[in-house]
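J.: For reference, the structure I am asking about is given below.
The values are calculated or read from the model by the stated rules, or taken from the named source; none is laboratory data. This structure is a prediction, so every number in the text was calculated from the model and none was measured. Note that we place each Cβ from the backbone using ideal geometry, even for glycine, and neighbour counts take in every protein chain shown.
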Amino acid sequence: MPENFMTTNCSNELPVAKPRKWWKTCLRTLGLGVVAMVALGFLVVVFENWRGRRAWEAYRVEAESRGVVLQLSVTIPPLIPEGSNVAAIPMLSALFDYHSTTNGEVRWKDSNLVNRVQSVSAFVTKVFADSGPNANWYKGTTENLEAIQKNLLKQGGNLAASTEPSTPARTILTALDEFGTELSILEEGFKRPQVRFPAHYEEGFACLLPTLSVMKGFSRLSLLKSSAYLAEGKTDEAFNQVLFSLRCGEVVGTNPLLISALVQLAIDWGSVSGIYEGLVGHRWTDAQIQGFTTVLRQRDPYALLRQSMQLERAIANDFYDRSRRGFVKESLLDLGSPFQDLRMVPSAMLYQNQRRQNQFYDAINFDGVREHGLSTFSKDAGMEQLTNGFWPYRALSAMLAPGIQSCLKKTVRGRVTLDLAILACELERYRIAKGTYPETLAKLVPQFLKAIPHDAASGGALHYHREKNDRFVLYSVGSDLKDDLGDIGKDEAGDWTWRMPKSLN
């Protein structure tokens, strides 16, 4: 045997393969799994986007077949001639003559005029700061003119420098002369028959904000003037100021948006408190009272809310459409986490939320609330559209529910406020004619009323009690639907009561 036999055979053997490291296998498998999951996720998103769009389109076709208007362009109030438009007067139109810079800053064309008009709200805030109870029919209080006089004198200027004694009413009327020009211009503008603010509707739900606080401020100023005129015995001037305040509310509510409807309710609340002051002091004449009731009977909070919801729905649909296209302003995306930028979410979420939100609008029973009060509005079919189902497909729309519930309650309370004010006016007319208040509300029919309004909160009858010393209590059972015998309760959770004040200022 050759000497190198073993060596030769060994050198010709095949090399042994090295074992593959286990972690490389795991990484490879994991990578393939991730790719598969991403692909599956992509397919799921594509499918859900298709399904969401199909669901929305099916709803849209069905809703439009019922006559529902979903497009913002169709819902925006049409333009009207400037000569007939209250909002065309420079003092109001200037509030909407602005543009936004690239960093979001708002710049008005006539900033001096805008600052002057907006100073009304700041003045009102200072005047009523720490002035104690103000005129409020619900709390049975009248305007605290002495406290307001002190606030005005603290602000300095000509009022504080004057050494001549002055009554609270005269001090207030002198101070309000500062805005006499603006009030006169607005009063003249109110003679125009129509209102259409040149709002930037593409900005969404807050497009009317520039004018709402201003109109509320002018309303508050006019009611303060009314209180001062009543204190001086000038009922004609006081009457005109209350009508001015009511007109402020009407102008705001003419442009149908939910926030403007709520501001009109707030202004009307204040105007009714102005009427209340004259009623409890027996200051108004029969003709003046009829002037108030003529305006109050023209108010329809339910129709206003329904009309506002239509535009609100259209703005919401425009919001969803813009979000899908990536054209929504950052101010409209301030919804908080996790919705800081809706442009980054799948369109399925936007389509499904849009569909649910519109279904909720459909389910609101306006007629039921008008006829039967708050008992008709509960967590029923409409609420189920927002509370059931896959959370991302109801997250945005579900934020709508508490606000709508609150708006419905405020609308019902607004209706109660108007009804109580009308009844109180007719009770005063009865007292003027008969010398005392009637034993029952039925005595007002038919000479003073065609029919007694029902309690808009409960759908039942309003409550009325004649008290001693030529006084009465008139009330609704309120939002809890319980008769608390006229007690407004803690935190105003009881009855909604029109009560004569314990004493007059």
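J.: I need every pair where a residue in the stretch 58-76 that is closer than 23 Å to Arg196 by Cβ has its Cβ under 7 Å from the Cβ of a residue that is among the small types (Gly, Ala, Ser) and not in a loop (DSSP other than H, G, I, E, B), sequence separation at least 6 or different chains.
T.: Listed pairs, sorted by first residue: Val69/Ala314; Leu70/Ala63; Leu70/Ala314; Gln71/Ala314; Leu72/Ala314; Thr75/Ala314.
J.: Could you list, in sequence order, all residues of the stretch 390-446 that are touching a strand residue (DSSP E or B) at 6+ places or on another chain (Cβ under 9 Å), part of a helix (DSSP H, G or I) and farther than 24 Å from Gly253 by Cβ?
T.: Across the stretch 390-446, the qualifying residues are Leu427, Leu441.
J.: Please specify each residue of the stretch 411-436 satisfying the condition of being surrounded by fewer than 18 Cβ atoms within 10 Å (Cβ to Cβ) and not aliphatic (A, V, I, L, M). Steps first, please.
T.: So in the stretch 411-436, the residues surrounded by fewer than 18 Cβ atoms within 10 Å (Cβ to Cβ) come out as 431-436.
Correct list: Arg431, Lys434, Gly435, Thr436.
J.: Here's something else I'd like to know. Going by the conditions given, is Pro133 out of contact with any Leu (no Cβ under 9 Å at 6 or more places or on another chain), surrounded by 10 or more Cβ atoms within 10 Å (Cβ to Cβ) and under 30 Å from Asp495 (Cβ atoms)?
T.: Values: out of contact with any Leu (no Cβ under 9 Å at 6 or more places or on another chain): yes; surrounded by 10 or more Cβ atoms within 10 Å (Cβ to Cβ): yes; under 30 Å from Asp495 (Cβ atoms): yes.
Yes, satisfied.
J.: Going through Pro438, Pro453, Pro446 one at a time, which residue ends up being of a type outside the set (Ser, Thr, Tyr) and under 17 Å from Thr411 (Cα atoms)?
T.: On the way: Pro438 fails: under 17 Å from Thr411 (Cα atoms); Pro446 fails: under 17 Å from Thr411 (Cα atoms).
Within the list Pro438, Pro453, Pro446, the selection yields Pro453.
J.: Among the residues of the stretch 274-302, which ones are within 30 Å of the chain's Cα centre (by Cα), of a type in the set (S, T, N, Q) and within 17 Å of Asp236 (Cα to Cα)?
T.: Correct list: Gln290, Thr293, Thr294.
J.: Are any of the residues in the stretch 478-485 free of Cβ contacts under 8 Å to residues at least 60 places away in the same chain, over 17 Å from Arg413 (Cα atoms) and surrounded by fewer than 16 Cβ atoms within 10 Å (Cβ to Cβ)?
T.: Checked against the condition, which is being free of Cβ contacts under 8 Å to residues at least 60 places away in the same chain, over 17 Å from Arg413 (Cα atoms) and surrounded by fewer than 16 Cβ atoms within 10 Å (Cβ to Cβ), the stretch 478-485 yields at least one hit.
J.: Could you figure out which of (1) at pLDDT below 85; (2) over 30 Å from Tyr351 (Cβ atoms) isn't true of Ala88?
T.: (1)
J.: Return the residues of the stretch 17-74 that are farther than 25 Å from Gly204 by Cβ and polar (S, T, N, Q); say none if nothing qualifies.
T.: Result: Thr25, Thr29, Ser65.
J.: Report whether or not Thr75 is modelled with pLDDT under 90, buried (at least 17 other Cβ atoms within 10 Å of the Cβ) and out of contact with any Phe, Trp or Tyr (no Cβ under 7 Å at 6 or more places or on another chain). Break it down into steps so the answer makes sense when it comes.
T.: Numbers: modelled with pLDDT under 90: yes; buried (at least 17 other Cβ atoms within 10 Å of the Cβ): yes; out of contact with any Phe, Trp or Tyr (no Cβ under 7 Å at 6 or more places or on another chain): yes.
Against the criterion (modelled with pLDDT under 90, buried (at least 17 other Cβ atoms within 10 Å of the Cβ) and out of contact with any Phe, Trp or Tyr (no Cβ under 7 Å at 6 or more places or on another chain)), Thr75 qualifies.
J.: Report yes if Gly489 is on the phi > 0 side of the Ramachandran plot and modelled with pLDDT under 90, otherwise no. Don't jump to the end; show me each part of the working.
T.: Numbers: on the phi > 0 side of the Ramachandran plot: yes; modelled with pLDDT under 90: yes.
It is true that Gly489 is on the phi > 0 side of the Ramachandran plot and modelled with pLDDT under 90.
J.: Would you check if there is a residue in the stretch 108-118 being of a type in the set (Asp, Glu), part of a helix (DSSP H, G or I) and farther than 14 Å from Ala199 by Cα? Step through it out loud before you land on a result.
T.: Step one: of the stretch 108-118, the residues of a type in the set (Asp, Glu) are 110.
With the extra rule that they be part of a helix (DSSP H, G or I), the set shrinks to none.
Among the residues of the stretch 108-118, not one is of a type in the set (Asp, Glu), part of a helix (DSSP H, G or I) and farther than 14 Å from Ala199 by Cα, which makes the answer no.
J.: If you don't mind, there's one more thing I want to ask. Out of curiosity, is Gly326 at positive phi, exposed (fewer than 13 other Cβ atoms within 10 Å of the Cβ) and modelled with pLDDT of 65 or more? Walk me through it before giving the result.
T.: Numbers: at positive phi: yes; exposed (fewer than 13 other Cβ atoms within 10 Å of the Cβ): yes; modelled with pLDDT of 65 or more: yes.
Yes, satisfied.
J.: Then there's this: Can you name the condition, by its number, that Ala451 falls short on among (1) farther than 17 Å from Trp284 by Cβ; (2) at pLDDT 90 or above; (3) within 30 Å of the chain's Cα centre (by Cα); (4) surrounded by fewer than 22 Cβ atoms within 10 Å (Cβ to Cβ)?
T.: Answer for Ala451: the failing condition is (3).
J.: Which is part of a helix (DSSP H, G or I) and touching a strand residue (DSSP E or B) at 6+ places or on another chain (Cβ under 6 Å), of Ser323, Ser308, Ser245, Ser273?
T.: When all the criteria are applied, what remains is Ser273.
J.: Please determine whether any residue of the stretch 125-141 is basic (Lys, Arg), outside any helix (DSSP H, G or I), farther than 19 Å from Phe244 by Cα and under 24 Å from the mean Cα position of the chain (by Cα). It would help to see each step written out before you state the result.
T.: The initial filter retains those residues of the stretch 125-141 that are basic (Lys, Arg), namely 126, 139.
Okay, now just the ones that are also outside any helix (DSSP H, G or I), so 139.
From what's left, farther than 19 Å from Phe244 by Cα: 139.
Next, from what is left, pick out any that are under 24 Å from the mean Cα position of the chain (by Cα): 139.
Yes, there is a match, as at least one residue in the stretch 125-141 is basic (Lys, Arg), outside any helix (DSSP H, G or I), farther than 19 Å from Phe244 by Cα and under 24 Å from the mean Cα position of the chain (by Cα).
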